[in-house]
Amino acid sequence: MLEAMTQEALLAALRLQLDWGADDALEDAPIDRTVARVAAAAAPAEVTPPAAARPGGRPGGQEAPAVLIPSRAPTPGATRAAALAAQADSLPALRAAMAEFDASPLRETATNLVFADGVTESGLMLVGEAPGGDEDRLGRPFVGVSGQLLDRMLGSIGLDRAKDFYITNILPFRPPGNRTPTDAEVALFLPFMLRHIVLAKPRHLVLLGGVAAKALLRSKEGITRLRGRWHQVTISDDQSLPALATLHPAYLLRNPAAKRDAWADLLSLQRHLASQ
């Protein structure tokens, strides 16, 4: 009886993890974290020398004020990403460069590189954050439930993916468990994204969700503050594009009440396109 209850509890725990999106196992075997706790407890406490004996210390036990100087030097991965992106002279060449780029572990955990979909000649480019599970399996962006919602939303103002817009993501690889991309991951792939915009030559951008909006607008504000307004996205020193920030369709699925705001954004997009 006890063994059966244990199995039921384990199955329930696994179902819960799947519901939360933890569908990738990143370790070959479970980690016994009790061992780490015992080792930490047994380790001798580190003895901090008096301030006068430490470099930069002050007499009387007063600590010298810390001066944090953030490093602005690009990482080797970001440098290589920028170089590969700059060499790409076409969208197929950019896709090949992204497939070659191996500085991110996301490449190893994803099934497919998800590049783009739609029509580049449309002049309207939509940018999301990262592929989900369906996108990872099929190798196309926005084909899951949130993508289907987005297609219906754009269809309500007369836009069709087959002829009226082009769509991609900041990240070409799915983060494990559909988690939100980290700032480091976004920064690593941003050179590819900027080059993607240059090569696709859109006249207007729509930024879907906070990750895309904050990355391309270089802003720390959240999407609820950025949405509903037209901004300028700087692509290079002499090039910028008008961009509308709006809510990601995945957010709308979790928060149906926000669809009213998204509808207002769609009407703004419709008016903007009609005026061009």
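Here, each number is a calculation from the coordinates, and none is a lab measurement. If you're wondering where the values come from, they're calculated on a predicted model, not measured in any experiment. Ideal geometry is used to build each Cβ from the backbone, glycine not excepted, and the neighbour counts take in all protein chains shown.
Residues with beta-carbon under 12 Å from that of residue 83, excluding residue 83: net charge, scoring Lys, Arg +1 and Asp, Glu -1?
For residues surrounding residue 83, the net value is +1.
With a cut-off of 13 Å, note down the residues of segment 92-110 whose backbone N falls inside the zone around a label point 7 Å from the Cα of residue 199 toward its beta carbon.
Only 92-101 fall inside the zone, counting backbone N under 13 Å.
Expressed in nm², what is the orientationally averaged projection area of the convex hull enclosing the Cα positions of segment 76-275?
Details: hull surface 41.7 nm².
The number I arrive at for segment 76-275 is 10.4 nm².
Sequence neighbours fewer than 8 away in the same chain don't count; with that in mind, list the lysines whose C-alpha is under 22 Å from residue 259.
Counting by Cα, and skipping residues close in sequence, residue 259 has these lysines nearby: 214.
Please report 108, 221 as a ranked list, fewest other C-beta atoms within 10 angstrom at the top and most at the bottom.
Working: 108 8, 221 13.
Listed from fewest to most nearby Cβ atoms, that is 108, 221.
How many nm is it between the label spots at residue 148 and residue 270, if each spot is 7 Å from the Cα in line with the beta carbon?
2.4
Which of 178, 211, 144 sits closest to the plus end of the dipole of segment 92-241, meaning its Cα is farthest towards the positive end, when Lys and Arg get +1 and Asp and Glu get -1 on the C-beta?
The residue sitting farthest along the positive end of the dipole is 211.
Can you put 182, 109 in order, fewest other beta carbons within 10 Å first?
Values: 182 12, 109 15.
In order of increasing Cβ crowding within 10 Å: 182, 109.
Hey, what do the phi angles of segment 87-94 turn into as Karplus ³J(HN,Hα) couplings, whole Hz, using 6.51/-1.76/1.60 and θ = phi - 60°, x for Gly and Pro?
So the Karplus estimates, Gly and Pro as x, are 6, 6, 10, 7, 5, x, 5, 5 Hz.
Could you calculate the contour length gain from residue 224 to residue 156, that is, 0.36 nm times the residue separation minus the distance between their Cα atoms, to one decimal place in nm? Kindly include the intermediate steps, with their values, before the conclusion.
Details: separation 68, 0.36 × 68 = 24.48 nm, distance 2.24 nm.
Stretched out fully, the residue 224 to residue 156 stretch lengthens by 22.2 nm.
If you average the alpha carbon positions of segment 178-224 and of segment 82-133, how far apart do those two centres end up, in angstrom?
12
Treating only the Cα positions of segment 172-212 as identical point scatterers, give the base-10 log of I(q)/I(0) from the Debye formula at each q in 0.21, 0.26 Å⁻¹.
Taking Cα atoms of segment 172-212 as identical point scatterers yields -0.80, -1.06.
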